[in-house]
Amino acid sequence: MDDDHLNHHQKRRRREDDEDLSPSAVDNGDVDLSLLEALERSQSSSSSAPVEVLDLRTLKKHVLAFERRLNNNIEARLKHPDNPERFADSEIDLHDEIQRLRVLAGAPELYPDLVSLNAVPSIVGLLNHDNIDIAIDAVNLLQDLTDEDVLEDNDEPAKVLVDALVENNALELLVQILGKLSEADPDENAAVHAALATIENMVEVKPAVAEIVCERTRLLKWILGRIKVKEFDGNKQYASEILAILLQGSPANQKRLGAMNGVDVMLQAVAMYKSRDPKSSDEEEMVENLFDCLCCLLMPMENKERFVKAEGVELMLIIMKQKKLAYGSAVRALDFAMTKYPPACERFVDVLGLKTAFAAFMGKIPVSKKNKKETFQEELEERVISLIASLFGGIVRGSRRDRLLGKFVENECEKIDRLMELYVRYSDRVKAESERWDKLEFDDLEMDEEERYNRKLEAGLYTLQLIAVILGHLWSSEHPRMRARIELLLRQQKLTKKDVKHVVQEYYDNIGDLDGPEEKERAQAKIQKFIDAF
(Lines give C-alpha, C1' and ligand atoms only; values in the text may rest on other atoms or scores of the structure.)
Protein backbone atom coordinates (compact mmCIF):
# COMPACT_ATOMS: atom_id res chain seq x y z
CA MET A 1 0.00 0.00 0.00
CA ASP A 2 1.40 3.39 -0.93
CA ASP A 3 0.80 5.08 2.46
CA ASP A 4 4.09 7.00 2.22
CA HIS A 5 2.99 8.59 -1.05
CA LEU A 6 -0.37 9.50 0.51
CA ASN A 7 1.29 11.04 3.60
CA HIS A 8 3.72 13.01 1.39
CA HIS A 9 0.79 14.33 -0.66
CA GLN A 10 -1.09 15.40 2.51
CA LYS A 11 2.01 17.10 3.95
CA ARG A 12 2.58 18.95 0.65
CA ARG A 13 -1.03 20.15 0.68
CA ARG A 14 -0.67 21.33 4.28
CA ARG A 15 2.48 23.27 3.32
CA GLU A 16 0.67 24.85 0.37
CA ASP A 17 -2.24 25.83 2.64
CA ASP A 18 0.23 27.36 5.09
CA GLU A 19 1.85 29.31 2.25
CA ASP A 20 -1.58 30.80 1.40
CA LEU A 21 -1.56 32.40 4.84
CA SER A 22 1.41 34.52 3.82
CA PRO A 23 2.29 37.84 5.59
CA SER A 24 0.32 39.70 2.91
CA ALA A 25 -2.79 37.75 3.82
CA VAL A 26 -2.46 38.61 7.50
CA ASP A 27 -2.04 42.31 8.02
CA ASN A 28 -1.75 43.71 11.57
CA GLY A 29 -3.63 40.71 12.96
CA ASP A 30 -6.53 41.08 10.43
CA VAL A 31 -7.15 37.95 8.36
CA ASP A 32 -7.96 38.52 4.68
CA LEU A 33 -11.78 38.14 4.46
CA SER A 34 -11.63 36.68 0.96
CA LEU A 35 -9.68 33.76 2.42
CA LEU A 36 -12.38 33.09 5.01
CA GLU A 37 -15.12 33.26 2.34
CA ALA A 38 -13.22 30.76 0.16
CA LEU A 39 -12.84 28.45 3.17
CA GLU A 40 -16.56 28.71 3.98
CA ARG A 41 -17.50 27.92 0.37
CA SER A 42 -15.28 24.82 0.31
CA GLN A 43 -16.76 23.58 3.62
CA SER A 44 -20.36 24.12 2.54
CA SER A 45 -19.77 22.34 -0.77
CA SER A 46 -18.21 19.33 1.02
CA SER A 47 -20.97 19.20 3.63
CA SER A 48 -23.64 19.21 0.95
CA ALA A 49 -22.24 15.93 -0.44
CA PRO A 50 -24.95 13.25 -0.10
CA VAL A 51 -24.69 11.07 3.04
CA GLU A 52 -25.02 7.39 2.21
CA VAL A 53 -28.08 5.82 3.80
CA LEU A 54 -27.43 2.34 5.16
CA ASP A 55 -30.21 0.13 3.87
CA LEU A 56 -30.45 -3.27 2.21
CA ARG A 57 -29.68 -1.80 -1.22
CA THR A 58 -26.49 -0.13 0.05
CA LEU A 59 -25.51 -3.33 1.88
CA LYS A 60 -25.83 -5.35 -1.35
CA LYS A 61 -23.75 -2.76 -3.18
CA HIS A 62 -20.98 -2.96 -0.56
CA VAL A 63 -20.97 -6.75 -0.47
CA LEU A 64 -20.89 -7.01 -4.27
CA ALA A 65 -17.98 -4.55 -4.51
CA PHE A 66 -16.14 -6.43 -1.78
CA GLU A 67 -16.63 -9.84 -3.40
CA ARG A 68 -15.47 -8.43 -6.75
CA ARG A 69 -12.26 -7.01 -5.23
CA LEU A 70 -11.64 -10.25 -3.34
CA ASN A 71 -12.03 -12.36 -6.50
CA ASN A 72 -9.71 -10.01 -8.43
CA ASN A 73 -7.10 -10.43 -5.72
CA ILE A 74 -7.42 -14.22 -5.67
CA GLU A 75 -7.08 -14.35 -9.48
CA ALA A 76 -4.07 -12.00 -9.50
CA ARG A 77 -2.32 -14.07 -6.84
CA LEU A 78 -3.00 -17.31 -8.72
CA LYS A 79 -1.74 -15.85 -12.03
CA HIS A 80 1.43 -14.26 -10.59
CA PRO A 81 2.27 -16.17 -7.40
CA ASP A 82 5.97 -15.23 -7.55
CA ASN A 83 5.54 -11.62 -8.62
CA PRO A 84 4.01 -9.50 -5.81
CA GLU A 85 4.12 -6.35 -7.95
CA ARG A 86 1.52 -7.89 -10.25
CA PHE A 87 -1.03 -8.40 -7.44
CA ALA A 88 -0.12 -5.39 -5.23
CA ASP A 89 -2.79 -3.13 -6.80
CA SER A 90 -5.54 -5.69 -6.25
CA GLU A 91 -4.45 -5.89 -2.61
CA ILE A 92 -4.71 -2.10 -2.18
CA ASP A 93 -8.20 -2.22 -3.72
CA LEU A 94 -9.18 -5.07 -1.40
CA HIS A 95 -7.85 -3.17 1.63
CA ASP A 96 -9.93 -0.10 0.65
CA GLU A 97 -13.04 -2.23 0.18
CA ILE A 98 -12.65 -3.87 3.61
CA GLN A 99 -12.36 -0.39 5.15
CA ARG A 100 -15.63 0.57 3.45
CA LEU A 101 -17.36 -2.49 4.93
CA ARG A 102 -16.70 -1.10 8.41
CA VAL A 103 -19.64 1.31 7.93
CA LEU A 104 -21.93 -1.73 8.34
CA ALA A 105 -21.28 -1.51 12.09
CA GLY A 106 -23.60 1.50 11.94
CA ALA A 107 -26.54 -0.74 10.96
CA PRO A 108 -26.49 -3.94 13.03
CA GLU A 109 -30.14 -4.53 12.10
CA LEU A 110 -28.81 -5.51 8.64
CA TYR A 111 -26.60 -8.34 10.00
CA PRO A 112 -29.12 -11.09 9.16
CA ASP A 113 -29.06 -9.78 5.54
CA LEU A 114 -25.25 -9.76 5.59
CA VAL A 115 -25.39 -13.42 6.62
CA SER A 116 -28.01 -14.39 4.02
CA LEU A 117 -25.93 -12.66 1.30
CA ASN A 118 -23.24 -15.23 2.25
CA ALA A 119 -20.60 -12.58 2.91
CA VAL A 120 -19.47 -14.08 6.24
CA PRO A 121 -17.39 -16.95 4.77
CA SER A 122 -15.49 -14.46 2.58
CA ILE A 123 -14.85 -12.04 5.47
CA VAL A 124 -13.73 -14.85 7.80
CA GLY A 125 -11.58 -16.36 5.05
CA LEU A 126 -9.53 -13.15 4.98
CA LEU A 127 -8.15 -14.02 8.43
CA ASN A 128 -6.12 -16.65 6.60
CA HIS A 129 -4.87 -14.26 3.89
CA ASP A 130 -1.19 -14.54 2.94
CA ASN A 131 -0.76 -10.79 3.40
CA ILE A 132 -0.82 -10.21 7.18
CA ASP A 133 -2.03 -6.61 6.61
CA ILE A 134 -5.19 -7.90 4.90
CA ALA A 135 -5.69 -10.44 7.71
CA ILE A 136 -5.38 -7.56 10.22
CA ASP A 137 -7.97 -5.57 8.23
CA ALA A 138 -10.34 -8.53 8.66
CA VAL A 139 -9.68 -8.69 12.42
CA ASN A 140 -10.44 -4.97 12.77
CA LEU A 141 -13.59 -5.33 10.69
CA LEU A 142 -14.84 -8.20 12.89
CA GLN A 143 -14.07 -6.22 16.03
CA ASP A 144 -16.13 -3.29 14.69
CA LEU A 145 -19.06 -5.49 13.67
CA THR A 146 -19.21 -7.24 17.07
CA ASP A 147 -18.51 -4.18 19.23
CA GLU A 148 -20.80 -4.24 22.29
CA ASP A 149 -21.84 -0.58 21.82
CA VAL A 150 -22.91 -1.44 18.28
CA LEU A 151 -24.84 -4.54 19.33
CA GLU A 152 -26.70 -2.92 22.21
CA ASP A 153 -30.49 -3.36 21.75
CA ASN A 154 -29.82 -5.58 18.71
CA ASP A 155 -29.77 -8.98 20.41
CA GLU A 156 -31.29 -11.04 17.63
CA PRO A 157 -29.23 -9.64 14.71
CA ALA A 158 -26.12 -9.99 16.89
CA LYS A 159 -26.86 -13.68 17.56
CA VAL A 160 -27.39 -14.33 13.84
CA LEU A 161 -23.98 -12.83 13.06
CA VAL A 162 -22.14 -14.61 15.89
CA ASP A 163 -23.71 -17.97 14.96
CA ALA A 164 -22.54 -17.49 11.36
CA LEU A 165 -19.03 -16.55 12.55
CA VAL A 166 -18.79 -19.66 14.76
CA GLU A 167 -20.13 -21.84 11.93
CA ASN A 168 -17.50 -20.46 9.54
CA ASN A 169 -14.58 -21.18 11.92
CA ALA A 170 -13.92 -17.56 12.88
CA LEU A 171 -12.80 -18.66 16.37
CA GLU A 172 -10.23 -21.10 14.99
CA LEU A 173 -8.85 -18.52 12.57
CA LEU A 174 -8.75 -15.71 15.17
CA VAL A 175 -6.72 -17.91 17.52
CA GLN A 176 -4.52 -19.05 14.63
CA ILE A 177 -3.72 -15.44 13.73
CA LEU A 178 -2.73 -14.74 17.38
CA GLY A 179 0.11 -17.20 16.84
CA LYS A 180 1.25 -15.43 13.65
CA LEU A 181 1.33 -11.85 14.93
CA SER A 182 4.52 -10.25 16.21
CA GLU A 183 3.79 -7.90 19.11
CA ALA A 184 7.03 -6.01 18.47
CA ASP A 185 5.26 -4.42 15.47
CA PRO A 186 2.76 -1.73 16.63
CA ASP A 187 0.09 -2.66 14.05
CA GLU A 188 0.34 -6.36 14.85
CA ASN A 189 0.35 -5.59 18.57
CA ALA A 190 -2.94 -3.69 18.15
CA ALA A 191 -4.31 -6.60 16.10
CA VAL A 192 -3.67 -9.00 19.01
CA HIS A 193 -5.87 -6.78 21.16
CA ALA A 194 -8.51 -6.60 18.41
CA ALA A 195 -8.58 -10.41 17.99
CA LEU A 196 -9.07 -10.89 21.75
CA ALA A 197 -11.74 -8.16 21.77
CA THR A 198 -13.64 -9.93 18.98
CA ILE A 199 -13.64 -13.18 20.96
CA GLU A 200 -14.81 -11.30 24.07
CA ASN A 201 -17.59 -9.62 22.06
CA MET A 202 -18.74 -12.99 20.72
CA VAL A 203 -18.86 -14.45 24.26
CA GLU A 204 -20.91 -11.43 25.34
CA VAL A 205 -23.51 -12.15 22.64
CA LYS A 206 -23.42 -15.94 23.02
CA PRO A 207 -22.00 -17.17 26.38
CA ALA A 208 -21.63 -20.73 25.00
CA VAL A 209 -18.75 -19.38 22.86
CA ALA A 210 -16.59 -19.37 26.05
CA GLU A 211 -16.55 -23.16 26.07
CA ILE A 212 -16.65 -23.61 22.28
CA VAL A 213 -13.48 -21.54 21.78
CA CYS A 214 -11.58 -23.52 24.44
CA GLU A 215 -12.81 -26.85 23.04
CA ARG A 216 -11.96 -26.15 19.42
CA THR A 217 -8.84 -23.98 19.62
CA ARG A 218 -5.57 -23.56 21.50
CA LEU A 219 -6.62 -20.21 22.99
CA LEU A 220 -6.01 -21.31 26.60
CA LYS A 221 -2.47 -22.42 25.66
CA TRP A 222 -1.79 -19.07 23.96
CA ILE A 223 -3.12 -17.12 26.98
CA LEU A 224 -1.02 -19.16 29.44
CA GLY A 225 2.06 -18.44 27.31
CA ARG A 226 1.20 -14.73 27.33
CA ILE A 227 0.72 -14.65 31.11
CA LYS A 228 4.09 -16.40 31.64
CA VAL A 229 5.90 -13.41 30.09
CA LYS A 230 7.24 -11.50 33.10
CA GLU A 231 7.09 -7.97 31.66
CA PHE A 232 3.78 -6.18 32.04
CA ASP A 233 2.02 -4.67 29.01
CA GLY A 234 -1.50 -3.96 27.78
CA ASN A 235 -1.93 -7.29 25.99
CA LYS A 236 -0.85 -9.28 29.05
CA GLN A 237 -3.47 -7.38 31.03
CA TYR A 238 -6.13 -8.06 28.38
CA ALA A 239 -5.17 -11.76 28.17
CA SER A 240 -5.72 -12.05 31.94
CA GLU A 241 -9.13 -10.37 31.58
CA ILE A 242 -10.19 -12.71 28.77
CA LEU A 243 -9.06 -15.73 30.79
CA ALA A 244 -11.16 -14.61 33.77
CA ILE A 245 -14.19 -14.34 31.44
CA LEU A 246 -13.57 -17.83 29.99
CA LEU A 247 -13.25 -19.43 33.44
CA GLN A 248 -16.18 -17.72 35.13
CA GLY A 249 -19.06 -20.13 35.60
CA SER A 250 -17.50 -22.79 33.34
CA PRO A 251 -16.45 -25.95 35.23
CA ALA A 252 -15.37 -27.45 31.87
CA ASN A 253 -12.88 -24.61 31.24
CA GLN A 254 -11.73 -24.63 34.88
CA LYS A 255 -10.91 -28.35 34.63
CA ARG A 256 -9.38 -27.97 31.18
CA LEU A 257 -7.00 -25.25 32.35
CA GLY A 258 -6.18 -27.17 35.53
CA ALA A 259 -5.09 -30.14 33.41
CA MET A 260 -2.80 -27.78 31.42
CA ASN A 261 -0.77 -26.85 34.52
CA GLY A 262 -2.86 -23.69 34.83
CA VAL A 263 -2.81 -23.57 38.65
CA ASP A 264 0.99 -23.54 38.63
CA VAL A 265 1.15 -20.80 35.98
CA MET A 266 -1.28 -18.62 37.95
CA LEU A 267 0.70 -19.09 41.17
CA GLN A 268 3.93 -18.14 39.39
CA ALA A 269 2.23 -15.06 37.89
CA VAL A 270 0.90 -13.77 41.23
CA ALA A 271 4.13 -14.68 43.07
CA MET A 272 5.75 -11.70 41.32
CA TYR A 273 3.62 -9.44 43.54
CA LYS A 274 4.31 -11.10 46.89
CA SER A 275 6.76 -8.41 47.93
CA ARG A 276 6.04 -5.59 45.50
CA ASP A 277 2.96 -3.66 44.44
CA PRO A 278 1.83 -3.12 40.83
CA LYS A 279 3.29 0.07 39.33
CA SER A 280 0.13 1.38 37.65
CA SER A 281 -3.65 1.08 37.86
CA ASP A 282 -3.60 -1.12 34.71
CA GLU A 283 -1.08 -3.48 36.26
CA GLU A 284 -3.16 -3.50 39.45
CA GLU A 285 -6.19 -4.52 37.39
CA MET A 286 -4.17 -7.34 35.83
CA VAL A 287 -3.18 -8.68 39.28
CA GLU A 288 -6.87 -8.68 40.27
CA ASN A 289 -7.69 -10.54 37.04
CA LEU A 290 -5.00 -13.14 37.80
CA PHE A 291 -6.45 -13.72 41.27
CA ASP A 292 -9.96 -13.94 39.75
CA CYS A 293 -8.61 -16.67 37.45
CA LEU A 294 -6.98 -18.47 40.38
CA CYS A 295 -10.21 -18.37 42.41
CA CYS A 296 -12.24 -19.71 39.46
CA LEU A 297 -9.64 -22.46 39.00
CA LEU A 298 -10.06 -23.43 42.66
CA MET A 299 -13.70 -24.44 42.21
CA PRO A 300 -13.11 -28.08 41.03
CA MET A 301 -11.69 -30.47 43.67
CA GLU A 302 -8.82 -31.68 41.47
CA ASN A 303 -7.53 -28.09 41.18
CA LYS A 304 -7.66 -27.57 44.95
CA GLU A 305 -5.40 -30.62 45.17
CA ARG A 306 -3.01 -29.14 42.58
CA PHE A 307 -2.99 -25.86 44.54
CA VAL A 308 -1.95 -27.60 47.77
CA LYS A 309 0.71 -29.68 45.96
CA ALA A 310 2.16 -26.56 44.30
CA GLU A 311 2.45 -24.94 47.76
CA GLY A 312 -0.26 -22.40 46.99
CA VAL A 313 -1.27 -22.23 50.67
CA GLU A 314 2.28 -21.22 51.63
CA LEU A 315 2.47 -18.60 48.87
CA MET A 316 -0.83 -16.97 49.91
CA LEU A 317 0.37 -16.79 53.52
CA ILE A 318 3.64 -15.16 52.40
CA ILE A 319 1.61 -12.58 50.43
CA MET A 320 -0.53 -11.88 53.52
CA LYS A 321 2.55 -11.48 55.74
CA GLN A 322 4.16 -9.05 53.26
CA LYS A 323 1.04 -6.84 53.64
CA LYS A 324 1.16 -5.57 50.07
CA LEU A 325 -1.77 -4.70 47.79
CA ALA A 326 -2.50 -8.38 47.01
CA TYR A 327 -3.27 -9.10 50.71
CA GLY A 328 -7.06 -9.23 50.26
CA SER A 329 -6.79 -11.30 47.07
CA ALA A 330 -4.63 -13.87 48.89
CA VAL A 331 -7.30 -14.21 51.62
CA ARG A 332 -9.91 -14.76 48.91
CA ALA A 333 -7.81 -17.46 47.18
CA LEU A 334 -7.29 -19.28 50.51
CA ASP A 335 -11.04 -19.13 51.16
CA PHE A 336 -11.74 -20.77 47.78
CA ALA A 337 -9.00 -23.39 48.30
CA MET A 338 -10.21 -24.40 51.78
CA THR A 339 -13.96 -24.51 51.10
CA LYS A 340 -15.02 -28.17 51.40
CA TYR A 341 -11.40 -29.35 51.10
CA PRO A 342 -9.89 -30.61 54.39
CA PRO A 343 -6.32 -31.20 53.02
CA ALA A 344 -5.96 -27.45 52.35
CA CYS A 345 -7.23 -26.67 55.89
CA GLU A 346 -4.76 -29.15 57.38
CA ARG A 347 -1.87 -27.69 55.38
CA PHE A 348 -2.92 -24.20 56.50
CA VAL A 349 -2.67 -25.16 60.19
CA ASP A 350 0.60 -27.10 59.64
CA VAL A 351 2.36 -24.09 58.06
CA LEU A 352 1.27 -21.90 61.01
CA GLY A 353 -1.44 -20.02 59.13
CA LEU A 354 -3.70 -19.61 62.19
CA LYS A 355 -1.68 -16.71 63.58
CA THR A 356 -1.94 -14.78 60.27
CA ALA A 357 -5.65 -15.60 59.80
CA PHE A 358 -6.64 -14.57 63.33
CA ALA A 359 -4.70 -11.32 63.10
CA ALA A 360 -6.96 -10.50 60.11
CA PHE A 361 -10.00 -11.75 62.05
CA MET A 362 -9.19 -9.31 64.86
CA GLY A 363 -9.21 -6.48 62.32
CA LYS A 364 -5.43 -6.10 62.00
CA ILE A 365 -5.61 -5.48 58.27
CA PRO A 366 -2.84 -3.58 56.45
CA VAL A 367 -4.03 -0.14 55.42
CA SER A 368 -3.28 1.16 51.94
CA LYS A 369 -5.05 3.55 49.57
CA LYS A 370 -7.25 0.73 48.26
CA ASN A 371 -7.75 -0.98 51.62
CA LYS A 372 -9.06 2.18 53.27
CA LYS A 373 -12.34 1.82 51.40
CA GLU A 374 -15.14 0.61 53.65
CA THR A 375 -16.39 -1.87 51.04
CA PHE A 376 -12.93 -3.45 50.81
CA GLN A 377 -12.65 -3.79 54.62
CA GLU A 378 -16.11 -5.33 54.77
CA GLU A 379 -15.49 -7.80 51.95
CA LEU A 380 -12.22 -8.84 53.58
CA GLU A 381 -13.94 -9.29 56.94
CA GLU A 382 -16.53 -11.57 55.31
CA ARG A 383 -13.78 -13.56 53.55
CA VAL A 384 -11.89 -14.12 56.81
CA ILE A 385 -15.09 -15.27 58.56
CA SER A 386 -15.72 -17.70 55.68
CA LEU A 387 -12.12 -18.93 55.90
CA ILE A 388 -12.43 -19.63 59.65
CA ALA A 389 -15.76 -21.41 59.08
CA SER A 390 -13.99 -23.55 56.41
CA LEU A 391 -11.23 -24.38 58.92
CA PHE A 392 -13.83 -25.59 61.43
CA GLY A 393 -15.55 -27.62 58.71
CA GLY A 394 -12.28 -29.15 57.45
CA ILE A 395 -10.52 -29.89 60.74
CA VAL A 396 -12.79 -32.09 62.82
CA ARG A 397 -10.43 -33.85 65.26
CA GLY A 398 -6.93 -34.23 66.63
CA SER A 399 -4.25 -31.75 67.64
CA ARG A 400 -5.06 -29.39 64.75
CA ARG A 401 -8.63 -29.05 66.05
CA ASP A 402 -7.28 -28.34 69.54
CA ARG A 403 -5.01 -25.60 68.17
CA LEU A 404 -7.94 -24.03 66.31
CA LEU A 405 -10.22 -24.08 69.38
CA GLY A 406 -7.35 -22.86 71.55
CA LYS A 407 -7.26 -19.61 69.56
CA PHE A 408 -10.67 -18.70 71.03
CA VAL A 409 -9.52 -19.14 74.64
CA GLU A 410 -6.21 -17.25 74.48
CA ASN A 411 -5.93 -13.59 75.58
CA GLU A 412 -9.05 -13.66 77.80
CA CYS A 413 -11.25 -15.10 75.00
CA GLU A 414 -10.76 -11.97 72.83
CA LYS A 415 -11.66 -13.94 69.66
CA ILE A 416 -15.07 -14.82 71.15
CA ASP A 417 -15.60 -11.14 72.01
CA ARG A 418 -14.81 -10.24 68.40
CA LEU A 419 -17.08 -13.02 67.09
CA MET A 420 -20.01 -11.76 69.19
CA GLU A 421 -19.32 -8.18 68.11
CA LEU A 422 -19.57 -9.32 64.47
CA TYR A 423 -22.67 -11.41 65.25
CA VAL A 424 -24.49 -8.39 66.70
CA ARG A 425 -23.43 -6.10 63.85
CA TYR A 426 -24.57 -8.46 61.07
CA SER A 427 -27.72 -9.45 62.97
CA ASP A 428 -28.74 -5.78 63.36
CA ARG A 429 -28.08 -5.11 59.70
CA VAL A 430 -30.20 -8.06 58.48
CA LYS A 431 -33.00 -7.07 60.88
CA ALA A 432 -32.94 -3.43 59.71
CA GLU A 433 -33.11 -4.49 56.05
CA SER A 434 -36.02 -6.88 56.73
CA GLU A 435 -37.96 -4.13 58.52
CA ARG A 436 -37.27 -1.73 55.65
CA TRP A 437 -38.75 -4.17 53.11
CA ASP A 438 -41.76 -4.82 55.33
CA LYS A 439 -42.53 -1.09 55.24
CA LEU A 440 -42.00 -0.99 51.46
CA GLU A 441 -44.24 -3.94 50.73
CA PHE A 442 -47.22 -2.70 48.75
CA ASP A 443 -49.41 -4.83 46.51
CA ASP A 444 -47.18 -4.21 43.51
CA LEU A 445 -43.99 -5.08 45.42
CA GLU A 446 -44.88 -8.38 47.02
CA MET A 447 -41.92 -10.71 47.41
CA ASP A 448 -42.11 -14.48 47.57
CA GLU A 449 -40.16 -16.36 50.24
CA GLU A 450 -37.21 -17.13 47.97
CA GLU A 451 -36.77 -13.51 46.91
CA ARG A 452 -37.08 -12.34 50.50
CA TYR A 453 -34.39 -14.83 51.55
CA ASN A 454 -32.06 -13.73 48.72
CA ARG A 455 -32.47 -10.08 49.75
CA LYS A 456 -31.49 -11.03 53.31
CA LEU A 457 -28.42 -12.85 51.99
CA GLU A 458 -27.41 -9.68 50.14
CA ALA A 459 -27.79 -7.72 53.38
CA GLY A 460 -25.26 -9.99 55.13
CA LEU A 461 -27.33 -13.01 56.24
CA TYR A 462 -24.83 -15.53 54.81
CA THR A 463 -21.99 -14.06 56.92
CA LEU A 464 -24.29 -14.00 59.96
CA GLN A 465 -25.05 -17.70 59.36
CA LEU A 466 -21.32 -18.52 59.16
CA ILE A 467 -20.71 -16.66 62.46
CA ALA A 468 -23.56 -18.64 64.04
CA VAL A 469 -22.07 -21.91 62.70
CA ILE A 470 -18.65 -20.98 64.21
CA LEU A 471 -20.46 -20.30 67.51
CA GLY A 472 -22.04 -23.76 67.09
CA HIS A 473 -18.59 -25.36 66.77
CA LEU A 474 -17.37 -23.52 69.89
CA TRP A 475 -20.47 -24.42 71.91
CA SER A 476 -20.32 -28.09 70.85
CA SER A 477 -16.73 -28.35 72.06
CA GLU A 478 -18.26 -28.23 75.58
CA HIS A 479 -15.37 -26.06 76.76
CA PRO A 480 -16.62 -24.46 80.01
CA ARG A 481 -14.75 -21.13 79.59
CA MET A 482 -16.01 -20.71 76.03
CA ARG A 483 -19.60 -21.52 76.93
CA ALA A 484 -19.52 -19.14 79.91
CA ARG A 485 -18.12 -16.35 77.74
CA ILE A 486 -20.72 -16.87 74.98
CA GLU A 487 -23.61 -16.88 77.51
CA LEU A 488 -22.30 -13.73 79.20
CA LEU A 489 -21.98 -11.83 75.92
CA LEU A 490 -25.44 -12.97 74.75
CA ARG A 491 -26.97 -11.71 78.02
CA GLN A 492 -25.18 -8.37 77.68
CA GLN A 493 -26.78 -7.96 74.24
CA LYS A 494 -30.22 -9.09 75.54
CA LEU A 495 -29.94 -12.17 73.33
CA THR A 496 -30.30 -15.89 74.06
CA LYS A 497 -29.04 -19.14 72.57
CA LYS A 498 -32.45 -19.38 70.88
CA ASP A 499 -31.59 -16.37 68.70
CA VAL A 500 -28.39 -18.09 67.50
CA LYS A 501 -30.29 -21.37 67.08
CA HIS A 502 -32.85 -19.59 64.87
CA VAL A 503 -30.07 -18.33 62.54
CA VAL A 504 -28.51 -21.82 62.35
CA GLN A 505 -31.94 -23.35 61.67
CA GLU A 506 -32.55 -20.98 58.74
CA TYR A 507 -29.11 -21.95 57.36
CA TYR A 508 -30.03 -25.66 57.75
CA ASP A 509 -33.37 -25.15 55.94
CA ASN A 510 -31.67 -23.54 52.96
CA ILE A 511 -28.77 -25.96 52.38
CA GLY A 512 -29.00 -26.73 48.66
CA ASP A 513 -28.32 -29.99 46.82
CA LEU A 514 -25.93 -28.54 44.25
CA ASP A 515 -23.32 -31.19 45.20
CA GLY A 516 -25.91 -33.99 45.18
CA PRO A 517 -28.45 -35.30 47.73
CA GLU A 518 -25.84 -37.27 49.75
CA GLU A 519 -23.67 -34.19 50.30
CA LYS A 520 -26.77 -32.22 51.32
CA GLU A 521 -27.67 -34.87 53.92
CA ARG A 522 -24.11 -34.88 55.26
CA ALA A 523 -24.05 -31.06 55.54
CA GLN A 524 -27.45 -30.99 57.25
CA ALA A 525 -26.40 -33.69 59.74
CA LYS A 526 -23.41 -31.54 60.81
CA ILE A 527 -25.60 -28.45 61.32
CA GLN A 528 -28.28 -30.48 63.15
CA LYS A 529 -25.71 -31.20 65.88
CA PHE A 530 -25.39 -27.45 66.57
CA ILE A 531 -29.17 -27.00 66.61
CA ASP A 532 -29.44 -29.81 69.17
CA ALA A 533 -26.53 -28.44 71.22
CA PHE A 534 -28.11 -24.98 71.45
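The values are calculated or read from the model by the stated rules, or taken from the named source; none is laboratory data. In this text, all values refer to a predicted model and were calculated from it rather than measured experimentally. Heads up, the Cβs are rebuilt from the backbone with ideal geometry, glycines too, and the neighbour counts pull from every protein chain shown. These area figures cover heavy atoms from the full protein model, side chains too; ligands, DNA and RNA do not enter into them. Shrake-Rupley method; radii C 1.70, N 1.55, O 1.52, S 1.80 Å.
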- Note on the structure: Apart from one, (1) in contact (Cβ under 8 Å) with a residue 24 or more places away in the chain; (2) open to solvent by less than 60 Å² (accessible area, probe 1.4 Å) all hold for W437; the odd one out is (1)
- Tally, over the range 502-522, of residues that are within 18 Å of R429 (Cα to Cα) and among the charged types (D, E, K, R): 1
- Determine which single condition C293 fails, assuming it passes every other condition in (1) under 21 Å from L181 (Cα atoms); (2) crowded, with 22+ Cβ neighbours inside 10 Å. (1)
- Item | Close pairs from the range 335-355: first more than 14 Å from R403 (Cβ to Cβ), partner in a loop (DSSP other than H, G, I, E, B) and among the charged types (D, E, K, R), Cβ under 9 Å, at least 6 apart | K340/D515
- Number of positions in the range 78-105 that are open to solvent by 80 Å² or more (accessible area, probe 1.4 Å) and in a helix (DSSP H, G or I): 6
- Task: Within the range 205-219, identify whether any single residue is within 19 Å of E172 (Cβ to Cβ), without any contact (Cβ under 8 Å) to a residue 40 or more places away in the chain, aliphatic (A, V, I, L, M) and loosely packed, with under 14 Cβ neighbours inside 10 Å, and answer yes or no.
- Result: yes
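I need the full set of residues from the range 320-345 which are under 14 Å from E288 (Cα atoms), hydrophobic (A, V, I, L, M, F, W, C) and in a helix (DSSP H, G or I), in order please.
Let us first name the residues in the range 320-345 that are under 14 Å from E288 (Cα atoms), namely 324-333.
In the following step, the residues that additionally are hydrophobic (A, V, I, L, M, F, W, C) were identified as 325-326, 330-331, 333.
Once the filter is applied, which keeps residues that are under 14 Å from E288 (Cα atoms), hydrophobic (A, V, I, L, M, F, W, C) and in a helix (DSSP H, G or I), the range 320-345 yields A330, V331, A333.
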- Message: Cβ-Cβ distance below 8 Å, separation of 6 or more or different chains: which pairs start in the range 518-529 with a residue that is within 21 Å of S477 (Cβ to Cβ) and hydrophobic (A, V, I, L, M, F, W, C) and end on one that is open to solvent by less than 60 Å² (accessible area, probe 1.4 Å) and in a helix (DSSP H, G or I)?
- Response: I527/V469; I527/G472; I527/V504; I527/Y507; I527/Y508
- When you scan the range 296-317, how many residues do you find that are in contact with a Leu (Cβ under 6 Å, 6 or more places away or on another chain) and either surrounded by fewer than 16 Cβ atoms within 10 Å (Cβ to Cβ) or in a loop (DSSP other than H, G, I, E, B) (or both)? 1
- Hey, among the residues in the range 349-375 that are open to solvent by 30 Å² or more (accessible area, probe 1.4 Å) and modelled with pLDDT of 80 or more, which one's nearest to E311 (Cα to Cα)? V351
- Task: Go through the range 126-153 residue by residue and tally those that are assigned to a helix (DSSP H, G or I) and either within 14 Å of L101 (Cβ to Cβ) or modelled with pLDDT of 95 or more (or both).
- Result: 19
- Message: So, A533, is that one of a type in the set (G, A, S) and touching a Ser or Thr at 6+ places or on another chain (Cβ under 7 Å) or not?
- Response: yes
- Message: Report every pair of residues separated by at least 6 positions or lying on different chains whose Cβ atoms are under 6 Å apart, first residue within the range 138-155 and at negative phi, second open to solvent by 30 Å² or more (accessible area, probe 1.4 Å).
- Response: L141/R102; D144/R102; E148/E204
- Query: Assuming C296 fulfils every condition listed in (1) out of contact with any helix residue (DSSP H, G or I) (no Cβ under 8 Å at 6 or more places or on another chain); (2) within 26 Å of D515 (Cα to Cα) apart from one, which condition is it?
  - Reply: (1)
- Selection within the range 230-272 - over 15 Å from the mean Cα position of the chain (by Cα) and assigned to a loop (DSSP other than H, G, I, E, B): K230, E231, F232, D233, M260, N261, M272
- Note on the structure: Given (1) in a helix (DSSP H, G or I); (2) at pLDDT below 95, I123 misses just (2)
- Task: Spot the failing condition for I227; the list is (1) buried (at least 17 other Cβ atoms within 10 Å of the Cβ); (2) assigned to a helix (DSSP H, G or I); (3) without any contact (Cβ under 8 Å) to a residue 60 or more places away in the chain, and only one is missed.
- Result: (3)
- Filtered residues of the range 255-293 (kept if polar (S, T, N, Q) and touching a helix residue (DSSP H, G or I) at 6+ places or on another chain (Cβ under 6 Å)): S275, N289
- Query: In the range 513-527, how many residues are in contact with a helix residue (DSSP H, G or I) (Cβ under 7 Å, 6 or more places away or on another chain) and open to solvent by less than 60 Å² (accessible area, probe 1.4 Å)?
  - Reply: 2
- Residue check: is L35 among the hydrophobic types (A, V, I, L, M, F, W, C), modelled with pLDDT of 55 or more, within 19 Å of L126 (Cα to Cα) and open to solvent by less than 90 Å² (accessible area, probe 1.4 Å)? no
- Here are some conditions: (1) touching a Pro at 6+ places or on another chain (Cβ under 8 Å); (2) closer than 21 Å to V500 by Cα. L419 meets all but one. Which one does it not meet? (1)
